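The structure appears right after this line, and notes come after that.
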Amino acid sequence: MEMRGFAKRHGTGRVRSVIVVAALGAAAVVGVAPNAQAGTGCTLTLCSTTVNDSAYGVTAYFNWCRGGDSTGDSTTTEPKCTSDGDRQKTQNLTARGGHTAYNQDWDAFRVDAGWCYKVKFIRTGQPEFTRTYDRRGKSALWVKVADNADAHVLDQGTASCP
């Protein structure tokens, strides 16, 4: 079965877990750990992705502009920086399955002003977790998706939080 089809059907987190375990095993034999990568040339195991499983659109951001943050951390300041020579860009993710490219490193997504998003984060080799970002009556929020993580926007709403 093609890797992309497998990842889409079974969740990239599990596929990444298998690949990371294999990569770490190989690194242990050679004595070198793989480096995290950013930009358009990252490997499957070190890219961050956003997947829209909800009924409404989501906007992904290519760069995250603050240091020291982890997956799920957020800011009310729109990221407008350049990182590793790559200018900031956005991608609109269509409802029910839109996603950033699995072979690119997309570092953030926006929770729109007036909306509440329920998001599941899947990180290779670490526990999954779900967070709710309630921006009803508030400005937009940008959320970090660190290397080696997938953010799945599960649901969105304006009247109540999903």
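Details
- Considering residues of region 89-110 that are closer than 29 Å to Gly68 by Cβ and of a type in the set (Gly, Ala, Ser) only, the residue least open to solvent (accessible area, probe 1.4 Å): Ala108
- Some residue of region 68-86 being within 18 Å of Cys42 (Cβ to Cβ), open to solvent by 30 Å² or more (accessible area, probe 1.4 Å) and among the β-branched types (Val, Ile, Thr): yes
- The number of residues in region 132-162 being assigned to a strand (DSSP E or B), surrounded by fewer than 19 Cβ atoms within 10 Å (Cβ to Cβ) and in contact with a Lys or Arg (Cβ under 8 Å, 6 or more places away or on another chain) comes to 3.
The values are calculated or read from the model by the stated rules, or taken from the named source; none is laboratory data. The shown structure was predicted, so the numbers you read here are calculated from the model rather than taken from an experiment. Positions of Cβ are generated from backbone atoms using ideal geometry, with glycine treated the same way; all protein chains shown enter the neighbour counts. Ligands, DNA and RNA are stripped out before the accessible areas are found, and what is left, the full protein with its side chains, is counted by its heavy atoms. Shrake-Rupley method; radii C 1.70, N 1.55, O 1.52, S 1.80 Å.
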